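Written below as structure tokens is the structure these notes are about.
Only the coordinates and a few stated rules stand behind these numbers; no lab work does. Quick caveat, the model's predicted, so the values are computed rather than measured.
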């Protein structure tokens with residue numbers, strides 16, 4: 001701006017040709033004349049940079065089309081751009097409705113859409129899951145979805161099973177689904193059944209975290225014991241399918257309806273575990289039961 005203003009003042013003050021002045025400022029004569037013309041029209045403000053955007057955009061959404069989009073979104077505030085475009089196309093297939101991305105921009109411009117908060121996720125588990133070829137090769141651990149007992153108190157059942165034999169190692173009520181309450185139950189199972197080579201879990205706490213490698217305090221403890229922690233992919237419960245199938249049976253037989261309180265619910269879990277391990281035939285096991293329990297594998 002200051003350089004252009006000095007150019008105009010020098011042209012007005014000095015008796016020099018336009019060509020000489022333009023050479024001195026290092027610009028073309030076309031640019032020099034443009035600066036003088038803008039200064040004559042608007043003064044100092046005319047020397048500022050102007051937007052290169054065209055005054056009219058050939059692909060701009062028509063105001064009437066934009067009104068339809070905004071109106072439909074206000075009628076269905078939870079519908080996203082793709083759904084809105086689909087409905088608009090059904091209502092008026094001949095109308096050149098804008099792309100879903102353009103509809104999203106229109107919604108943001110009218111304050112009808114807010115950018116979603118980015119969710120920090122547990123780092124993905126990149127190694128292949130261990131194939132269970134014998135007892136104690138892979139254990140599965142999870143929390144069956146919480147529910148309330150008859151007295152209204154929340155119940156969080158911790159479950160563990162052997163992936164090869166289907167033996168249910170643990171189905172216990174814990175006060176809180178955290179490392180403090182899970183670790184003592186795991187220590188008890190380790191003392192009774194030994195240590196597995198790997199423990200498979202989902203990506204939620206207390207089994208995983210957003211720390212380096214997705215490790216939590218609990219899974220770091222497993223590593224110190226020589227156990228390999230492994231996590232299923234987010235949204236892929238079938239990777240822990242045997243355990244999930246056991247959960248469906250557990251829910252049907254112990255929580256539909258739930259017991260009156262925690263002690264009564266634990267007794268129901270204990271009866272289920274006894275029946276599941278020693279009496280219930282399993283098709284995948286050739287109609288045998290998981291009993292006896294997995295062999296104890298002591299490791300230092």
Practice prompt. Please work out the C-alpha center-to-center distance from region 183-245 to region 1-35 and express it in whole Å.
Written response: 75
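Under 8 Å for C-alpha pairs, at least 6 residues apart: give me the relative contact order for region 2-47, rounded to a whole percent.
Working: 24 pairs, mean separation 17.0, N = 46.
Value for region 2-47: 37 percent.
I need to check one value: relative contact order of region 63-109, counting alpha carbon pairs closer than 8 Å and at least 6 residues apart, in percent.
Working: 25 pairs, mean separation 19.9, N = 47.
Taking the mean separation of contacting Cα pairs over the length of region 63-109, I get 42 percent.
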Practice prompt. With only alpha-carbon atoms counted, please give the Rg and Dmax of region 120-212, in Å.
Written response: 14.3, 44
Worksheet item: How many percent of all Cα-Cα pairs in region 63-109 sit more than 14 Å apart?
Response: 40
